[in-house]
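First up is the structure itself, then whatever we jot down about it.
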Amino acid sequence: MKKLLLLSLLIVSPALADMEKAYQAEQDGDYEIAYGEFMTEAETGNTEAMVMIGLYYARGFHVKEDANKSNEWMLKAANLGDATAALNMGVGYQRGFGDLTKDETIALEWFLSAAKKGQAQAQFETAVAYQ
């Protein structure tokens, strides 16, 4: 049992370390390092990192602001089950962000998807839509 736990820590630790390094770099204002770490993780399927890459494109941190690239990364993460990404897709459709056509029905579908996963802001957005 101890060997299994140790093995699982060895397998998981590098990814956690890279995300910690990315967040620390971001906190230090080093968006180049943060972006590189997030991108490395995103390319391995880490949905949290995909969301961060999407946010970097949405806000223009270290990269040229690009709403469509932001949407692409959010959609990848949302399709893999990430609740925050689903929330962000809902907001994107609600506002018509980038190449997303403003569509309250599609926005609500994304909000519901995120809300079912416990995403609090999505639960609020869903409640507001039903008022």
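The figures follow:
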quantity: Output for the stretch 98-131, where each listed residue is farther than 18 Å from Trp73 by Cα, surrounded by 15 or more Cβ atoms within 10 Å (Cβ to Cβ) and among the β-branched types (Val, Ile, Thr); calculated: Thr126
quantity: Filtered residue count, the stretch 40-54, keeping only those that are without any contact (Cβ under 8 Å) to a residue 24 or more places away in the chain and within 9 Å of the chain's Cα centre (by Cα); calculated: 1
quantity: Evaluation of Thr84 against (1) more than 22 Å from Asp103 (Cα to Cα); (2) touching a helix residue (DSSP H, G or I) at 6+ places or on another chain (Cβ under 7 Å); (3) of a type in the set (Val, Ile, Thr) (one fails), failing number; calculated: (1)
quantity: Residues within the stretch 104-118 that are touching an Asp or Glu at 6+ places or on another chain (Cβ under 9 Å) and part of a loop (DSSP other than H, G, I, E, B), tallied; calculated: 1
quantity: Residue match in the stretch 87-95 (condition: within 17 Å of Arg59 (Cα to Cα), in a loop (DSSP other than H, G, I, E, B), modelled with pLDDT of 95 or more and more than 16 Å from the chain's Cα centre (by Cα)); calculated: no
quantity: Subset of the stretch 62-98 [of a type in the set (Ser, Thr, Tyr) and closer than 15 Å to Ser113 by Cβ]; calculated: Thr84, Tyr93
quantity: Some residue of the stretch 72-88 being over 16 Å from Trp110 (Cα atoms) and surrounded by fewer than 18 Cβ atoms within 10 Å (Cβ to Cβ); calculated: no
quantity: Hits in the stretch 33-49 (condition: surrounded by fewer than 18 Cβ atoms within 10 Å (Cβ to Cβ) and either assigned to a loop (DSSP other than H, G, I, E, B) or modelled with pLDDT under 95 (or both)); calculated: Thr44, Gly45
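The values are calculated or read from the model by the stated rules, or taken from the named source; none is laboratory data. Because the structure is a prediction, the values reported are computed rather than measured. Every residue, glycine among them, receives a Cβ derived from its backbone with ideal geometry; neighbour counts consider all protein chains shown.
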